[in-house]
Amino acid sequence: MEDVAYTPADVAMPADAIIRIKNLKKVFGDNVVLHDVNFYCPKGHVVSVLGPSGSGKSTMLRCINLLEQPTSGEIWFEDQLVNSKETDVDQLRSKIGMVFQQFNLFPHLTALGNVELALRKVRKLDEKEAEQIALDQLEKVGLSDRADFLPSQLSGGQAQRVAIARALAMEPHVMLFDEATSALDPSLVRDVLDVMRDLAKSGMTMIVVTHEMAFARDVSDHVVFMDGGVVYEQGTPERIFDHPERERTREFLQGMIDITGGADADAPAADDGYEEYMTSSARFQRKGAGMI
Amino acid sequence: MLHSFIHWWETFPITGIFFNFHIIGQAFFPILKRLPVSLLLGVIGFGLGIPGGLIVSFMKMSKIKPVRWITTLYIDVVRGTPMILQILILYFGIPFVPGYDAIKLPLQRIVFFEIDLTVWLRALFIIFINTAAYQAEIFRAGIQSIPKGQSEAARSLGLSKWQTMGFVILPQTVRRILPTMLSEFILVYKDTSLFVVASIMEMTLQANIIRGATFNQSPLVVTAFFYLLITIPLGRIVARMENKLAEQDSGEGGPTPPPRKRPPRLGDTVIDSAHVVTHRENVLNR
C-alpha cells in the first residue's frame, strides 16, 4: 500500500439524491470486503463503478437492494434508510431493478412469463394488464418476436435483454447493473449496451458495475473507481479517464485499455452500429494512451 | 407328448418347486385380487408423503435451530432403522395410544377389500412417516441444487420468500427430482410387502398362505411377477426421464454449477445438475 485511499467521507450529499451511500462497510467472516464506501447518485444520473475484480463492486451493489446485509454504514434510497430493521424489503426491492451477470432468467418460464411474473405476483395486476406491459417492455428491448421463447432458446444477448425488460417492467426508480455484459460473447455485448444507452438517455437512474470502459466514459455522469473495498477515486468521466490523480487508477485504466484493444481486434465484422461502438472505444483508446 | 412334458416339468425339483403350472393356476387370481391392496397402500402412502416430505424439507432448512435439530433426528431415525422394525413398533404400538379405543369401533365397521379402516389407517400412517423422511431429503437436495441466482433474481424483483419458493424454485425442483421421486415410489410399493408381519392381506401374505397350504414356492413367484409388472415399466420411465434431463441440461449450456464441497459419500442424496440419485438401497439394505 503506497498511499491511503481517497475516500471523501464528508462529501456533502444532496438530500434529493436517489441513492446515498455513507461509510458502507461489509465483512464476511474475517474478510473485510468493503472498508468504507461513500458516494451518491442523483436522480436521472448514471454512475459507473469501475475496479479490478475482488474490489467489492458487486458486493456494494448487492448491499443497495439488501441481497447482502451491510455490516455498518448507511444506504439511503430516496427518503428511506435501506439497512434499517423497519425496511419492507420486498417493497424496497420492487422499486430497485437489478440485472445480473448470469442473467438469472427463470428457465421454466417463457420470455413473456419472466417479465410477467413480478407484475402478477408483486404488483398484483390482472392477466391482461400484465401481458400488455410485458409485451411493451419486450418490444422496447427489441424482442417482441421472442415473447414465447424459453430462456434456453435465446442467445446470451437476448436473454440479458429479457432480464432488463423484466426489471424495467416493475417501473423501478433506479436500475442496478452487475457486470451485465461480462458473461456475453463479445459479438453480443453491443446489443445489450445499446439497450442500456437508450435507457440512460430516457432518464433512468442507473448504477452500473462494468468493465466496458467506452460505455462508462460515454454514458456516465459520474465514475467511481473502487479498489480493495474502498472508493479510490471518483469524479466526472473526463476527470477519471483523462486526469486520474492516483497511480493505481492510472494502472487499472491502462490495463483495461490493453485488454479492450485485444478484444476489439477479435470482434466480428462490423455491421451498422458496431462501427459506432468501435469508434467510441478507439477514441477512448487514443485518449487513454495519450494520458499515460 | 405335452402331458409327459408337463409331468416332467412339475416333478423336476427346480421347475416343479418354483414354477408349478397347476399351483400358478390356482394362485393367480387370489393373488391378483390382492394387487389393489398393495397398490393402494403404495399410491396413497406415497401421495400423503409428498406434502409431508415438502414440509419436513422446509423444516430441515429452517433458520430456527431447534426445528432443524428435531427434523434431523426424525430423518436419521427413519432412514437409519429397518422399515420392518418401524412397522412392528408402530402397527402394534398405535392401539396402545390413549383414545385409540374410542375411534376404533366406528372405524372398524368401514371395510375396503376385506380390510377394516383401522388397519388401513395404521398402515398408511407408517408408510407416510417412512416415505416423508426420504422425500424430505429428495426435496431438500432438489431445492438446494437450484442456482442461488434464481432466488436472488426473484427476490430482487420484490417477490417474497414464499412466492419465490412457489413460483420460481419449486417448479424447477419438480422437474429435476421427478425421476428420484418415481424411484422412491417404486421402493415404497415394494416395501408394502413388509406388512406381512402385520397380517395385512396384501399380495405377499396371500401368496405366503397359499405356499403354506401347497408346500410350493410358485405362488411367491407369481407375486414377484405382479410386483415386476409395475416396477419394470416405472423403472424404464425413470431411466428415460433421467436421460432427457441430462440432454436438456447439456443443451442449455448455462453456467457450470459450482463444485461440490466434498465428494459424495454412500448414503448421500446426490444431485448433479442433470439428475438426482439416491443411494438409499445400497446403504440401508431394506
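What follows draws every value from the coordinates through simple rules; no lab data is involved. What you see is a predicted model; the values in this text were computed from it and never measured. Cβ sites come from the backbone with ideal geometry, for glycine too, and all protein chains shown count toward neighbours.
Couple of notes before you dig in:
- Global dimensions of the stretch B:2-250 from alpha-carbon coordinates: Rg and Dmax equal 22.6, 80 Å.
- Note on chain B: GNM, Cα springs under 10 Å; of B:191, B:76, B:101, the largest mean-square fluctuation is that of B:101.
- Local electrostatic count, residue B:36, Cβ distance below 14 Å [Lys/Arg +1, Asp/Glu -1]: 0
- Phi to ³J(HN,Hα) by Karplus 6.51 cos²θ - 1.76 cosθ + 1.60 over the stretch A:104-117, Hz, x for Gly, Pro: 6, 5, 7, x, 8, 10, 5, 3, 4, x, 4, 6, 6, 3
- Cα centroid separation, the stretch A:185-221 to the stretch A:33-53 (Å): 15 Å
- When the chymotrypsin sites (Phe, Trp or Tyr not before Pro) in the stretch B:145-253 are filtered for DSSP coil states and for at most 14 other beta-carbon atoms within 10 Å of their beta-carbon, the remaining sites are B:215.
- Applying the criteria of a DSSP loop state and at most 16 other Cβ atoms within 10 Å to the trypsin sites (Lys or Arg not before Pro) of the stretch B:25-112 yields B:63, B:109.
- Modelled label positions at residue A:221 and residue B:162, each set 7 Å beyond Cα in the direction of Cβ, lie 4.1 nm from each other.
- For the stretch B:165-256, averaging the sequence separation of C-alpha pairs within contact (under 8 Å, six or more residues apart) and dividing by the residue count gives a relative contact order of 29 percent.
- Annotation for the stretch A:41-100: GluC sites (Glu not before Pro) lying in DSSP loop with at most 13 further Cβ atoms inside 10 Å of their Cβ are A:86.
- FRET efficiency, residue A:23 to residue B:92 (Cβ-Cβ, R0 60 Å, nearest 0.05): 0.35
- Order of A:81, A:24, B:105, B:178 under a 10 Å beta carbon neighbour criterion, fewest first: B:105, A:81, B:178, A:24
- About the centre of its Cα atoms, the stretch B:2-250 shows a dipole size close to 780 debye [charges on the beta carbon of Lys, Arg (+1) and Asp, Glu (-1) only; nearest 20 debye].
- Estimated FRET transfer efficiency (residue B:244, residue B:105; beta-carbon r; R0 51 Å; 0.05): 0.50
- Charge tally in the Cβ shell below 15 Å around residue B:19, where Lys, Arg are +1 and Asp, Glu are -1, residue B:19 excluded: 0
- Averaging the Cα positions of each part gives two centres, and for the stretch B:171-232 and the stretch A:123-179 these lie 50 Å apart.
- For chain B, built as a Gaussian network whose Cα springs stay under 10 Å, the top-fluctuating residue of B:135, B:248, B:144: B:248
- Nonlocal amide H pairs with residue B:116, under 5 Å, H built at 1.01 Å: none
- Ranking B:212, A:49, B:188 by how far each Cα lies toward the positive end of the dipole of the protein assembly as shown (charges on Cβ) leaves B:212 at the top.
- Neighbour counts of C-beta atoms inside 10 Å place B:145, B:160 in the sequence B:160, B:145, starting with the fewest.
- Estimated 222 nm signal from helices in the protein assembly as shown, with DSSP H stretches of n ≥ 4 weighted -39500 (n - 2.57), rounded to 500: -18000 deg cm²/dmol
- Exposure proxy order (Cβ contacts within 10 Å, fewest to most) of B:9, A:76: B:9, A:76
- Among B:43, B:77, B:222, the residue with the largest mean-square fluctuation in a Gaussian network model of chain B, with springs joining Cα atoms closer than 10 Å, is B:77.
- Mean separation of Cα pairs under 8 Å and 6 or more residues apart, divided by the residue count, gives chain B a relative contact order of 27 percent.
- Environment charge of residue A:136, counting only residues whose C-beta is closer than 12 Å and scoring Lys/Arg +1, Asp/Glu -1: -4
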